[in-house]
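So the structure is just underneath, and the comments pick up after that.
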Amino acid sequence: MSSDSLTLPPGLLEILAKETGQDLIELRKLRDQASSSGQSFDRVLLTRGLDETAILRAFAEDLEMEFLEEFKGVQVPSAFVDNVPLSFARAHNMVGMAMDGNELLVACAHPLDIHPQDDLMSMVPCSVRFALAPKGEITELVNRAFRHRADGVEDALGDLEGADIAGLAAEINESEDLLDVANKAPIIKLVNSVLFQALKLRASDVHFQPYTDRMQVRFRIDGILYDMEGIPKKAQDAITSRIKVMGQMDIAERRLPQDGRASIRIGDSEVDVRISVVPTAEGERCVLRLLDKTARSYDLEHIGLDEKNLKTLRHFLNFPHGIILVTGPTGSGKTTTLYGGLTEISTGEKNILTIEDPVEYQLDGISQVQVNTKKGLTFAAGLRSFLRQDPDVMMVGEIRDLETAEIAIRAAITGHLVFSTVHTNDAPSTVTRLIDLGLESYLVSSSLVLVIAQRLVRTMCQTCLTWVEPNEQEIATLRAIGVEREMLPEGKFARSPGCEDCFHSGYQGRTAIYELLPMTETLRELVMNNVSAAELKRAAIASGMRTLRQDGTSKVLAGQTSPAEVMRVTQLDII
């Protein structure tokens, strides 16, 4: 709904100014911009990088709507799940929260989207009351609510019986819609149904693994692999061919590994898929990495940073020059942290360039370049070109070699803010890694401003979470991460025994634990003297740095994760 068709109530701009801290004159300009562009006012505010929560609070106050922050333990009513398609809920960021008699409370993220609200009211067999809530919270609840809906996988497997499997795998559209399976061949319907189920369960990867008697489907959810359906062996080649066609690969080549990309849709939502096929003794093995653009939130306040760490990071994000490094193993959320930082400073006043391998998600207002080593476009070559593009901020996906490191440091010293990643175990060892690459210690000392080490831990399932007094075995585990009984709030800690919502694992979703190392004058002197990583770590802790394990411990005390998770990801973090 465009703002020119909406008479803005008096006081909205004043409330927005109070909530967001934005100047009234600037808000009037944005209102006029919304009116002339046909975009809704709330969406224009979001594109300018203003805090979503503050915007929604302002609209909620002005429109006299409820603002919802607490989503823990919410069970989406069946009136919503049974009547509203998943594609609609995700496309318009709406989810049912509770039933009060014959009234359904629905949370939405865009207060001025009147037409989707009218459409939803016509779908459900009851009256509807709308409230406002952040998009990220709604997306997560939608994914959780629809996971138990019939996926069509069993039906698609049934359709395989007696079907002529040969030659059914070649049909493909430019952007396949997973919901459009009505007139599809059985193999296509099966693959689409598996991918649809994977997205509903928040899977990051789908494995089609061949065995002697079957092809096993496996999903990686929150970093852990789960076995799902087994597919008859006779359908293996057709499924592999179908996946190759999706990724525009050579279906006749079965002896060499192949890589491809595809784009699939769920209604209005686009999902990028990276596909890898490798030959094994039992047949070709396919792994699909799902990159769901609509389910991601790059907001620094929602990725696991506590108040102190968030304040520290924001301080350094506003530096005019220097290098900010994020470190951790593959799959530890480094890219999400970097994207969160870039999104925060992408206000339209800065020229921001990134070179990545690969570009996983498109960020508004940021120029992103894909590495292409065959054409000579490496991290180093891209960075060198960026220096001629009048940049304010640059991100290089990874510092792998001396050449890239030297260009990044030269850029930082000559007045640019540079973001990058390195593979090390903790923040202090990142400094020594750069020197080991061949950089002079004085260059590292003068250019590095902040190092962030991180790991991902699974979060407790809120559906089955209970606060209990620990038994002797649990006390021993708590002591192993530095928690004594008297530190527990009211002598209790969080335990999730497992339920249907979390596959009986006790966990649902992930958050990050962090170790932030600002480069103080004391640490710069130590770097100049080429001290060891262990000495740097001791000095950093003495100056107030909290280690990964200590940050994990605070999340255990808050009931966000378990002692076993913190132990699992911080085995090397011994002070």
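Miscellaneous remarks
- Identity of the residue in region 343-376, charged (D, E, K, R) and over 18 Å from the mean Cα position of the chain (by Cα), that ends up farthest from Gln389 (Cα to Cα): Lys374
- Residue in region 461-482 that is touching a strand residue (DSSP E or B) at 6+ places or on another chain (Cβ under 9 Å) and basic (Lys, Arg) present: no
- Breaking point among (1) without any contact (Cβ under 8 Å) to a residue 40 or more places away in the chain; (2) of a type in the set (Asp, Glu); (3) touching a strand residue (DSSP E or B) at 6+ places or on another chain (Cβ under 8 Å), for Glu515: (1)
- Looking only at region 374-383, and only at residues there that are in a helix (DSSP H, G or I) and open to solvent by 40 Å² or more (accessible area, probe 1.4 Å), the one that is modelled with the lowest pLDDT: Lys374
- If you go through region 545-575 and keep only what is outside any helix (DSSP H, G or I) and at pLDDT 90 or above, you end up with Met545, Arg546, Thr547, Ala558, Gly559, Gln560, Thr561, Ser562.
- Where strands (runs of 3 or more DSSP E) fall entirely within region 443-504, those with at least 1 residues that are touching a Pro at 6+ places or on another chain (Cβ under 7 Å) and either aromatic (Phe, Trp, Tyr) or open to solvent by 20 Å² or more (accessible area, probe 1.4 Å) (or both) are at 493-495.
- Ser122 vs. criteria at pLDDT 85 or above and out of contact with any Lys or Arg (no Cβ under 8 Å at 6 or more places or on another chain): yes
- Search result, residues across region 367-391 that are of a type outside the set (Lys, Arg), under 25 Å from Gly348 (Cα atoms) and out of contact with any strand residue (DSSP E or B) (no Cβ under 7 Å at 6 or more places or on another chain): Ser385, Leu387, Asp390
- Segments classed as strands (runs of 3 or more DSSP E), wholly inside region 270-373, with at least 3 members that are more than 22 Å from Ser447 (Cα to Cα) and of a type in the set (A, V, I, L, M): 283-292
- Qualifying positions in region 87-103 - touching a residue at least 60 places away in the same chain (Cβ under 8 Å) and open to solvent by less than 30 Å² (accessible area, probe 1.4 Å): Ser87, Phe88, Arg90
- Hits in region 252-266 (condition: open to solvent by 80 Å² or more (accessible area, probe 1.4 Å) and in contact (Cβ under 8 Å) with a residue 60 or more places away in the chain): none
- Residues (of a type outside the set (Asp, Glu), in contact (Cβ under 8 Å) with a residue 40 or more places away in the chain and over 19 Å from Gly260 (Cα atoms)) located in region 204-227: Pro210, Tyr211, Thr212, Met215, Ile221, Gly223, Ile224, Tyr226
- Number of residues in region 31-41 that are part of a helix (DSSP H, G or I) and open to solvent by 40 Å² or more (accessible area, probe 1.4 Å) equals 6.
- Filter result for Lys350 (in contact (Cβ under 8 Å) with a residue 24 or more places away in the chain and crowded, with 21+ Cβ neighbours inside 10 Å): no
- Residues in region 538-548 that are open to solvent by less than 20 Å² (accessible area, probe 1.4 Å) and in contact with a Pro (Cβ under 9 Å, 6 or more places away or on another chain): Ala540, Met545.
- Single unsatisfied condition, Thr511 versus (1) among the β-branched types (Val, Ile, Thr); (2) open to solvent by 50 Å² or more (accessible area, probe 1.4 Å); (3) within 21 Å of the chain's Cα centre (by Cα): (2)
- Residues being in a loop (DSSP other than H, G, I, E, B) and open to solvent by 60 Å² or more (accessible area, probe 1.4 Å) - total across region 398-417: 3
- Qualifying residue in region 339-346 (condition: open to solvent by 10 Å² or more (accessible area, probe 1.4 Å), more than 24 Å from Gly304 (Cα to Cα) and at pLDDT below 95): no
So that you can scan it fast, the table gives a plain yes or no per residue for (1) open to solvent by less than 70 Å² (accessible area, probe 1.4 Å); (2) touching a helix residue (DSSP H, G or I) at 6+ places or on another chain (Cβ under 6 Å); (3) touching a residue at least 24 places away in the same chain (Cβ under 8 Å):
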| site | (1), (2), (3) |
| --- | --- |
| Leu12 | yes, yes, yes |
| Lys29 | no, no, no |
| Arg43 | no, no, yes |
| Ala54 | yes, yes, yes |
| Ala60 | yes, no, yes |
| Lys72 | no, no, yes |
| Pro85 | yes, no, yes |
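- Residue under evaluation Phe379, criteria (1) closer than 19 Å to His321 by Cα; (2) of a type in the set (Phe, Trp, Tyr); (3) more than 22 Å from the chain's Cα centre (by Cα), criterion not met: (1)
- Residue match in region 511-528 (condition: closer than 20 Å to Leu456 by Cβ, small (Gly, Ala, Ser) and in contact with a Pro (Cβ under 9 Å, 6 or more places away or on another chain)): no
- The single condition among (1) assigned to a strand (DSSP E or B); (2) of a type outside the set (D, E, K, R); (3) at pLDDT 90 or above that Ile264 does not satisfy is (3).
The values are calculated or read from the model by the stated rules, or taken from the named source; none is laboratory data. What you see is a predicted model, and the numbers here were worked out from it, not measured in a lab. Because the Cβ atoms are built from the backbone with ideal geometry, glycine has one as well, and the counts that use them run over all protein chains shown. Accessible surface areas use protein heavy atoms only, side chains included; no ligands, DNA or RNA. Shrake-Rupley method; radii C 1.70, N 1.55, O 1.52, S 1.80 Å.
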